[in-house]
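Quick notes on the structure that follows.
The values are calculated or read from the model by the stated rules, or taken from the named source; none is laboratory data. As the structure is a computational prediction, the values presented were derived from the model and not from experiment. In this analysis, Cβ positions are derived from the backbone assuming ideal geometry, glycine residues included, and neighbour counts consider all displayed protein chains. These area figures cover heavy atoms from the full protein model, side chains too; ligands, DNA and RNA do not enter into them. Shrake-Rupley method; radii C 1.70, N 1.55, O 1.52, S 1.80 Å.
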Amino acid sequence: MNTLKFKTTINCGGCVRAVTGPLNEEPAISNWQVDTDNPDKILTVQGDNVQPEQVIRAVQEAGFEIEPVA
């Protein structure tokens with residue numbers, strides 16, 4: 001299982017609700033969570049064969065900025 005981390009602008013419960021649909025629709029994603037207490041609003045995604053492009057597209061479709069954590 002791959003684990004990917006991203007810095008985002010997802011900063012509240014409403015924002016989390018906004019990305020829930022797009023992220024849950026990605027079949028390669030089995031689990032995800034956003035640490036809204038972290039200043040960088042870190043999104044952690046787990047899944048088999050999940051690709052960064054899939055996550056970035058889903059979050060951007062919901063209207064948020066996202067970039068991979070190096």
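I'd like to check which strands (runs of 3 or more DSSP E) are fully inside the chain and have at least 2 residues that are under 9 Å from the mean Cα position of the chain (by Cα) and of a type outside the set (D, E, K, R).
2-8, 31-35, 42-47
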statement: Condition set out of contact with any helix residue (DSSP H, G or I) (no Cβ under 6 Å at 6 or more places or on another chain) and acidic (D, E), scope region 36-62, selection farthest from G14 (Cα to Cα): answer is D48
field: Selection status of D35, at pLDDT below 95, open to solvent by 50 Å² or more (accessible area, probe 1.4 Å) and not basic (K, R)
entry: no
message: Give all pairs with beta carbons closer than 7 Å in which a residue from region 52-66 that is among the aromatic types (F, W, Y) meets a residue that is in a loop (DSSP other than H, G, I, E, B) and open to solvent by less than 40 Å² (accessible area, probe 1.4 Å); count only pairs at least 6 apart in sequence or on separate chains.
response: F64/I10
